[in-house]
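Contents: one structure, followed by commentary.
Only the coordinates and a few stated rules stand behind these numbers; no lab work does. Note that the coordinates shown come from a computational prediction; the quantities given were computed from them, not determined experimentally. Every residue, glycine as well, gets a Cβ built from its backbone with ideal geometry; the counts of neighbours run over all protein chains shown.
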Amino acid sequence: MFQNFQYAYTFRDTTIYGQLISPDFVFTYHDYDNGYDVTWGRDEEMKTTYGLFQNSQTLTLIWNNVVLSTEDSTSANIIRGFNLTITFSPTDVVRLDGRVNMSLHKTANKWLITNWVDESNF
């Protein structure tokens, strides 16, 4: 799943990305400017990711060490670090470092992301 996620970002491929996102997907991040958590579902995730893929020239995602992993045959929770470089233009490059806290569910021998909490401090 993490390799396909990285592939989707590298090639800015929403078809591959969409195959990783569960129909009941929930994304959560903390809005530090306003002091509250923001959540959205699969449709907003796909729309947001499509916009990122369309508006960037390159995306370089590096997965770092797994901080915590609990897993059984059909579910997993993984906390993992990442580095993401987003190049919008040669003079507009954004570098992000953070952690993802993902809940995964295995269905038909395929892992899907059901819940993603961004634990980064952006």
Antiparallel as a % of all DSSP beta bridges within the chain, to the nearest 5? 90 percent
Need one number: nm distance between label points at V94 and H30, each 7 Å from Cα along Cα→Cβ, rounded to one decimal. 1.9 nm
Rounded to two decimal places and with Rh computed the Kirkwood way over Cα pairs, what is Rg over Rh for the stretch 1-63? 1.00
Karplus 3J(HN,Hα) series, Hz, for the stretch 31-41 with 6.51 cos²θ - 1.76 cosθ + 1.60 (x for Gly, Pro): 7, 5, 5, 9, x, 8, 7, 10, 10, 8, x
Along the three principal axes, how long is the chain when you take its alpha carbons, biggest first, rounded to the nearest angstrom? 46, 33, 29
Against the longest alpha carbon principal axis of the chain, how many degrees, from 0 to 90 and to the nearest 10, is the axis of helix 42-55 turned? 30 degrees
FRET efficiency for F53 and N109, Cβ-Cβ distance as r, R0 = 22 Å, nearest 0.05? 0.25
Starting from the amide H of N115, placed 1.01 Å from N in the peptide plane, find each other amide H under 5 Å away whose residue is 5 or more places distant or on another chain. V26, S103
